[in-house]
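See below for the structure under consideration.
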Amino acid sequence: MTRLSVELLAADPVEPITSAGHAQLGIAVLAGIAVIVLLITKFKLHAFLSLTIGSLALGAFAGAPLDKAITSFTTGLGTTVAGVGVLIALGAVLGKMLADSGGADQIVDTILAKAGGRSMPWAMVLIASVIGLPLFFEVGVVLLIPVVLMVAKRGNYSLMRIGIPALAGLSVMHGLVPPHPGPLVAIDAIGADLGVTLALGVLVAIPTVIIAGPLFSRYAARWVDVPAPEKMIPQRVSEDLEKRPGFGATLITIMLPVILMLSKALVDIIIDDKENTTQRVFDVIGSPLIALLASVLLGIFTLLRPAGFGKDRVSGLVEKGLAPIAGILLIVGAGGGFKQTLIDTGVGAMILDISKDWSIPALLLAWLIAVAIRLATGSATVATVSAAGLVAPLAADMSTTHAALLVLAIGAGSLFFSHVNDAGFWLVKEYFGLSVGQTLKTWSVMETIISVVAGGFVLLLSLII
């Protein structure tokens, strides 16, 4: 079974755990979010505990049985950790290897030498967009964060001036450009042409990422002026290195997951036969888990061995690389638990039901529905799948280009205003060492800019082509 069909099956409607009406569900959503924000900001409770309590409060306000609310939360937590937890762990180990071997220093020194001053944010958005093309957002984050933090620290740049362009590059690719899962699901549901959608997606992505990345980062850096968090920058345990790994070897190690995943995506498009042996091989080696694992194993020989690391020292490095991410895993997992509680209580179905009677143009309708589901559930994929399923009949009489634009309108809407019910919100908050308010003023605003600007360009293209 393909990843696409698995995701479509996962998006099939399920029986809600409560029979609450729309008004009660709406109140429950607002109450659950308010509890989380209040506990974190007012009472300074750890985000993991706040998300757990907020999820249970949401279920209680929605009238769901407590045992079912607990099951929804733990299911969402487990699914999220299973999906991204190992990737975050492998990314943390790779980051530690890059730091301790001197490989990260080599990359940072090269970037600082080639792109200094005003060009640095543009260099970061370009790097992130290229790396983010075939990668899941979470994978791209764990690969880029060590470089972002070290560039900010070593070059004495504002963290937001460097970090926002990188995040924008990853997020735009994730929402608008296949072969990412969201756009692929929408393409399949609507029956759009993959090649046309890819071409138009890149066309929309370029101005969107420029506005939401380098340009917005100027203001984000003024609103939130924070240094790179020391605890998230892997510190070298010793300066006693035989030599630094070369720039080429370091770059190959970082880019290996990108190459493997992009190869898988290309093979899927060219062959498109799950019984084909070649495609099955690439499905394995191009999966995020295997691709990152391969990069870590390669790093032992390209990064650690040239720097003089023995077997015992490699083992200790892995252990120390995993230690700082325990809190992040729990917080991201709890964010997934809250999202699942929202879905299981019927909030997504409520949005779909309300939107059926809206009488507005198809592209704007698709964008608004995706926005509403994104705000309610926190999941870009759920927003994309649900909105695509609802507006798919509208694509029957559309031209090839307008069907592709319908896919992009859904993708743009699915990125709108990430907040406390989105696991990505907590991932960014913890990696960058931000408060909830600072994350809202930077990451959340950036996501909103991406959604609005991309949606605007889609509507503009619909008038031209």
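Worth a mention:
- Ranked from largest to smallest solvent-accessible area, with a 1.4 Å probe on the protein heavy atoms, THR377, THR71 come out as THR71, THR377.
- Cross-link reach is defined here as a Cα-Cα straight distance under 20 Å, omitting same-chain residues fewer than 8 places apart; for LYS441 the aspartates and glutamates meeting it are ASP225, ASP422, GLU430.
- Membrane-span-like helices of the chain, defined as complete DSSP H segments with a Cα extent of 15 Å or more along the helix axis and a mean Kyte hydropathy of at least 1.6, are identified as 22-41, 47-61, 86-101, 120-132, 137-154, 194-210, 247-271, 288-299, 362-377, 380-391, 445-464.
- Sites SER315 and GLU15, calculated FRET efficiency, Cβ-Cβ separation with R0 56 Å, nearest 0.05: 0.70
- For segment 310-369, the Cα gyration tensor yields ellipsoid semi-axes of 46, 15, 7 Å (square root of five times each eigenvalue, largest first, whole Å).
- Surface accessible to a 1.4 Å probe, per residue, for the residues of the chain, Å²: 40
- Accessible surface ranking for ARG280, ARG313, ARG154, ARG222, 1.4 angstrom probe, highest first: ARG222, ARG280, ARG154, ARG313.
- Within the assembled protein chains, the solvent-accessible surface assigned to SER129 is about 20 Å², based on a 1.4 Å probe.
- Longest site-free stretch - the chain; sites: GluC sites (Glu not before Pro), DSSP loop, at most 15 other Cβ within 10 Å: 1-238
- PHE338 accessible area, assembled protein chains, probe 1.4 Å, Å²: 0
- All C-alpha pair distances within the chain, sorted into 20 Å bins from zero, spread as 25, 58, 17, 0 percent across the bins.
- For segment 207-319, the carbon plus sulfur part of the accessible surface works out to 61%, probe radius 1.4 Å.
The values are calculated or read from the model by the stated rules, or taken from the named source; none is laboratory data. Because the structure is a prediction, the values reported are computed rather than measured. We place every Cβ from the backbone using ideal geometry, glycine too, and count neighbours over all the protein chains shown. Note: areas computed on protein heavy atoms with side chains; ligands, DNA, RNA excluded. Shrake-Rupley method; radii C 1.70, N 1.55, O 1.52, S 1.80 Å.
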